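Input: one structure, supplied below.
The values are calculated or read from the model by the stated rules, or taken from the named source; none is laboratory data. Treat the numbers as computed from the prediction; the structure is a model and nothing was measured. Every residue, glycine as well, gets a Cβ built from its backbone with ideal geometry; the counts of neighbours run over all protein chains shown.
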Amino acid sequence: MKTLYCAIGYICNERCRFCPCSEGSANVPSLSYDDICSAISKSIKEKGVENILLSGGEPTIHPDFFRILKYIRNCNVNVSLLTNALRFADEEFADKMFSIIDGSKLDVTVAFHSHIPEKHDFLTQHNGSFERSMNGINNMLKYGVKLSIKNNIVNYTYKDLPEYVKWATSQFDDHVTLLFCNIDINGTASSNKNNVAVDFRDSIPYLQKALDVIIDQRKLGHKRTVKVLTTPMCLVDPYYWGFIENSTQENVTAYKVPNSDLLWDISSDSGPLFKSCQDCELNKYCPGTWNSFKNNFDESILKSIHSE
Ligand code: SF4
């Protein structure tokens, strides 16, 4: 689907230790309502955009968030939202949101970091965020949103992945998608990289054990969608390749962020971007990983794949 990616402001109500935005980005003025509407309108008219992806920072704390939603609703296009779900813990906020937009027409991705409240709160640097985000998620589910829960794989929690999956699948029914994503080591994540960055060779065995939990559940008839993003296929046992999603190779049709013009056809900062990828037979299917991997790890661990 042709998408406008719009970071409507970099201010956030959490301070995640692995955020790819720099600490200073919260001082950058958010986009105005008029700038956002203009970007949406131009993207629809000039590029045929069908989906508006609202991101941040935390998009729900933009002072004109509800007006922006009304504008998008009146444009008759799809809305996607990347959020930490904190504001949805407030039932009044959730009621207002879903009086504007039908929950079943909204794709929401919630970043969720651990099944252990203390670890989640440590990573967000926001006491009580685990409980508030859980309340927010449950409020959204009442309104029928299409929900994905995204776990960012970091040094502090990667060994917990199998237990996290057992917990997540016990909390959320099969309609909720689970995403696993490796982090972009930029901004705050780069400053904290000793705490958050993890070598694929350490994390992938735990990720595979987590996927075994899903495989066992599928044998029992569960149909949950589970996707692994930004993870090089050459480092994953082929048995698990069916979970790997390569959508990161798709260009973003339109791109608007604070302090920047509206841009067209932006390529992702992740993909099969490494020396070994050039002659790899999987380079059309593999999501590769973030470009920032080059600056933090030895890229020779990536091995091109050939059928002979
Ligand atoms: S070499 Fe590159 S394209 Fe090939 S599997 Fe590894 S990361 Fe993917």
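What's the total number of residues in region 41-75 that are of a type in the set (A, V, I, L, M, F, W, C) and on the phi > 0 side of the Ramachandran plot?
Of the residues in that region, 0 qualify.
Another question about this same structure. Could you tell me which of the residues Ala210, Ala197 is crowded, with 16+ Cβ neighbours inside 10 Å, within 26 Å of Gly9 (Cα to Cα) and of a type outside the set (Asp, Glu)?
Ala197
Counting only residues that are among the basic types (Lys, Arg) and touching a Cys at 6+ places or on another chain (Cβ under 9 Å), how many does region 239-279 have?
1
Could you check, for region 113-120, whether at least one of its residues is in contact with a Lys or Arg (Cβ under 6 Å, 6 or more places away or on another chain) and either within 25 Å of Tyr5 (Cα to Cα) or at pLDDT 95 or above (or both)?
no
Let me ask something else about it. Could you please let me know if Ser99 is under 19 Å from the mean Cα position of the chain (by Cα) and small (Gly, Ala, Ser)?
no
Okay, moving on. Taking into account only those residues within region 249-308 that are assigned to a strand (DSSP E or B) and crowded, with 20+ Cβ neighbours inside 10 Å, which is farthest from the ligand (Cβ to nearest atom)?
Lys256
Please work out if Ser148 is closer than 13 Å to Val228 by Cα and of a type outside the set (Phe, Trp, Tyr).
Considered against the rule, which asks whether it is closer than 13 Å to Val228 by Cα and of a type outside the set (Phe, Trp, Tyr), Ser148 comes out as yes.
Name the pairs whose Cβ atoms lie under 7 Å apart, with the first residue in region 226-243 and on the phi > 0 side of the Ramachandran plot and outside any helix (DSSP H, G or I), the second of a type outside the set (Gly, Ala, Ser) and within 10 Å of the ligand (Cβ to nearest atom), and 6 or more positions between them or separate chains?
Between residues of region 226-243 that are on the phi > 0 side of the Ramachandran plot and outside any helix (DSSP H, G or I) and residues that are of a type outside the set (Gly, Ala, Ser) and within 10 Å of the ligand (Cβ to nearest atom), the close pairs are Thr230/Pro287; Thr230/Thr289.
Here is a yes/no grid of residues against (1) touching a helix residue (DSSP H, G or I) at 6+ places or on another chain (Cβ under 9 Å); (2) polar (S, T, N, Q); (3) at pLDDT 95 or above:
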{"site": "Cys37", "(1), (2), (3)": "yes, no, yes"}
{"site": "Ser41", "(1), (2), (3)": "yes, yes, yes"}
{"site": "Ile44", "(1), (2), (3)": "yes, no, yes"}
{"site": "Leu53", "(1), (2), (3)": "no, no, yes"}
{"site": "Leu69", "(1), (2), (3)": "yes, no, yes"}
{"site": "Leu81", "(1), (2), (3)": "yes, no, yes"}
{"site": "Leu86", "(1), (2), (3)": "yes, no, yes"}
{"site": "Lys105", "(1), (2), (3)": "yes, no, no"}
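Let me ask you something else. Name the pairs: first residue in region 295-308 and without any contact (Cβ under 8 Å) to a residue 60 or more places away in the chain, second residue β-branched (Val, Ile, Thr) and more than 12 Å from the ligand (Cβ to nearest atom), Cβ to Cβ under 7 Å, at least 6 apart or on different chains?
none
What pairs can you find where one residue is in region 23-42 and in contact (Cβ under 8 Å) with a residue 12 or more places away in the chain, the other is of a type in the set (Gly, Ala, Ser), and their Cβ atoms are less than 6 Å apart, with a gap of 6+ or different chains?
Ser30/Gly9
Pairs please, first residue from region 64-77 and aliphatic (A, V, I, L, M), second anywhere and in a helix (DSSP H, G or I) and surrounded by 18 or more Cβ atoms within 10 Å (Cβ to Cβ), Cβ atoms under 6 Å, 6+ apart in sequence or on different chains.
Qualifying pairs under 6 Å: Ile68/Ile36.
Further, regarding this structure: Could you please find all residues in region 236-248 being surrounded by fewer than 16 Cβ atoms within 10 Å (Cβ to Cβ) and either within 17 Å of Ala7 (Cβ to Cβ) or under 22 Å from the mean Cα position of the chain (by Cα) (or both)?
Result: Trp241, Gly242, Ser247.
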